[in-house]
Structures are given as structure tokens and as C-alpha cells.
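Derivation of every value follows stated rules applied to the coordinates shown; laboratory data play no part. Just so it is clear, the model here is predicted, and its values are computed rather than measured. Neighbour counts are summed over all protein chains in view; Cβ atoms, including those assigned to glycine, are modelled from backbone coordinates with ideal geometry.
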Amino acid sequence: MIPTRIDLPADTRARIVELLNARLADLADLRSQLKQAHWNIKGPAFFAIHELLDTIASQVDEHADEVAERAVQLGGRALGTSRAAAHRSTLPEYPLDAIHQNEHLEAVAERLAMAGTAIRTAIETSTGLGDAGTADLFTEISRSLDKNLWFVEAHLQGRL
Ligand SMILES: [Fe+2]
């Protein structure tokens, strides 16, 4: 850990950095999976979903940036390369053979929900460690993932 004037104890900061890097891996992986869906989706609602997926990918990219920078602010290192994310992500690999919009929507919905569950746990963990700032960042991301899951699930009405 790198020294900082932030008054959280070093061992607390180390645990928070580990948590931030775990969720950074998920978010970086999720962002690349959303782009995979954005590029390959086909179906009658192509354009709306193609655009929606790009918007969500951009938001997830911003979340990953905030999470990575928080790790460094706390005296840690951000581990955010594609290979680091692939190695550490808790999300399953994207179905690379998906074509129809419903295959993509279901794969994306599943992964948004999984990332959301992990972020909700991270809110509790960072709160328990006394880092309200990190808990607040995770809370903001949680709300955003939930909102985007709503947009995706709305296209799957009747298929839940
Ligand atoms: Fe694009």
C-alpha cells in the first residue's frame, strides 16, 4: 500500500482495494460483453437495442473508471487490463455464438443481475469496513445497474 493522508487504517484500505479490484474486474468484463452484444445483435428491434447496449456499455465504463481510481486514491493499485479482468471476473463468458436479439438480451440481463448482486454485497462489505465513500460509490453503481437491467428486461416482457 502507498502512504496517504486518508485516515482509514492501512489494513482497512488494503481490504477495500481488494474489493474494488474484484468489482473492477466484473465491470471491465461486463463492459466488453455489452460491446460484444452491441456489435452482434440482430432482430426486429435491432436499432433500439443496439443503441441501448452501447449506452449501457459507456456507463459501465465510467463506473469501472471510478472504481479503479478509488483503489488508487486509497493507496492501492488498479488492476484493470483486459487480461486481469478476464482472470478475476466472476461473470461467465459471453455466449459468442448468440445472434438473435432475445439471446443477447437474456445473456445481458443475466450478467447485469450478477454484477448487481456482487455490487450489493460490496456495499455491505465496505459499509462494514467503515468506508462510507466506497459504499456510496458502489451504491451509485448499484442503482445504475438496476436501472439498466430494467431497460433490458422491458424488452423481454413475457419471457421472464
Ligand atoms: Fe458501436
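Structural remarks
- Each other residue within a Cβ distance under 14 Å of K42 adds +1 if Lys or Arg and -1 if Asp or Glu, for a net charge of -2.
- Residue among A122, G133, H155 farthest towards the positive dipole end of the stretch 116-160, charges placed on Cβ: H155
- Given their separation in residues at 0.36 nm each and the Cα-Cα distance between them, A86 and D146 gain 19.3 nm when the chain is fully extended.
- FRET E, pair A48, E124, Förster distance 35 Å, beta-carbon r, rounded to 0.05: 0.50
- When the GluC sites (Glu not before Pro) in the stretch 45-112 are filtered for DSSP coil states and for at most 14 other beta-carbon atoms within 10 Å of their beta-carbon, the remaining sites are E93.
- Point-charge dipole on Cβ atoms (K/R +1, D/E -1) for the chain, about Cα centre, debye to 20: 220 debye
- Here the Karplus relation 6.51 cos²θ - 1.76 cosθ + 1.60, evaluated at θ = phi - 60°, turns the backbone of the stretch 84-93 into coupling constants of 5, 5, 4, 5, 9, 4, 8, 7, x, 4 Hz, with x for every Gly and Pro.
- Coil-residue trypsin sites (Lys or Arg not before Pro) of the stretch 1-107, DSSP, other Cβ within 10 Å capped at 12: R5, R77
- Taking the charge dipole of the stretch 18-111 about its Cα centre, with +1 at Lys and Arg Cβ atoms and -1 at Asp and Glu Cβ atoms, the residue from N102, A28, A48 reaching farthest to the positive side is A28.
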